[in-house]
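Trainee: Below is a structure I'd like to ask you about.
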Amino acid sequence: MLDDPIKYGLLALLAIALVTAAVTDLKSRRIANWLNAAIALGAPFFWIASGLAFWPDIAIQFGFAVAVFAVLSVLFALKAMGGGDVKLLTALALWIEPTLYLKLIIMMALLGGVLTLAMFAWHVIRRHKQRPAIPYGLAISAAALWVIGTFYMPAAALAGASQ
């Protein structure tokens, strides 16, 4: 439903939270637990506003988030991801349907690659000896904002409906 101000208000709040996550990760290389919790706790309100049925829609969304957390926890244990990134991606899995989440992951990987190259170049230019800490929350947030803007907002939905 394109005229649902609650649904789009919740998406706007999610966008604000994502910008906050990106800025704080860029500044301090941390994404606060309270922010990830707020994003996760907002998902059930979004489900209701979106008209998702408990079975199977909400159950699938919740199960998908559990699976995302399980996979990303392994990457965290292998020191391939930070804990805040795992929590942010898990919280987003509660909001974004699985098919669109795959697009988020692909966009995140592309943006994260560019971010990593830029950070390494910056460290080389500045002649830093230590390995740079990559603020991957920036890539996660940018990819999530792209998914929200492209697939969830009214103009995008109208464009998709006309095709």
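Where a number appears in this text, it was derived from the coordinates with a stated rule and is not lab data. The structure presented is a predicted model; accordingly, all values stated were derived computationally and were not measured. Positions of Cβ are backbone-derived with ideal geometry, glycine not excepted, and every protein chain shown enters the neighbour counts.
Trainee: How far apart, in nanometres, would the label points at residue 109 and residue 129 be if each is projected 7 angstrom from Cα along the Cα-to-Cβ direction?
Mentor: 3.6 nm
Trainee: Between residue 116 and residue 74, 0.36 nm times their residue separation minus their Cα-Cα distance comes to what?
Mentor: Between residue 116 and residue 74, full extension yields 13.0 nm more.
Trainee: Could you give the dipole magnitude of region 5-162 about its Cα centre, charging the beta-carbon of Lys and Arg +1 and that of Asp and Glu -1, in debye to the nearest 20?
Mentor: Here the size comes out at about 800 debye.
Trainee: Further question: Choose one of 138, 36, 9: the residue whose Cα lies farthest towards the positive end of the charge dipole of region 5-162 (beta-carbon charges +1 Lys, Arg; -1 Asp, Glu; about the Cα centre).
Mentor: Toward the positive end, the furthest listed residue is 138.
Trainee: What number in nm² do you get for region 29-103 if you take the convex hull of its Cα atoms and divide its surface by four?
Mentor: Computed as one quarter of the Cα hull surface, the answer is 5.1 nm².
Trainee: If you don't mind, another one. Hey, what did region 2-82 get for relative contact order, percent, Cα under 8 Å, at least 6 apart?
Mentor: Relative contact order, region 2-82: 27 percent.
Trainee: Can you give the Kirkwood hydrodynamic radius for region 5-162, in Å, rounded to one decimal and based on Cα pairs?
Mentor: Here the Kirkwood hydrodynamic radius works out to 16.4 Å.
Trainee: Helix check for the chain. Which DSSP H runs span at least 24 Å along their own axis by Cα, with a mean Kyte-Doolittle hydropathy no less than 0.5?
Mentor: Helices passing the filter in the chain: 5-28, 33-50, 59-77, 98-125.
Trainee: Which of the residue pairs 27/129; 103/129; 7/103 have a Cα-Cα distance greater than 24 Å in the structure shown?
Mentor: 103/129
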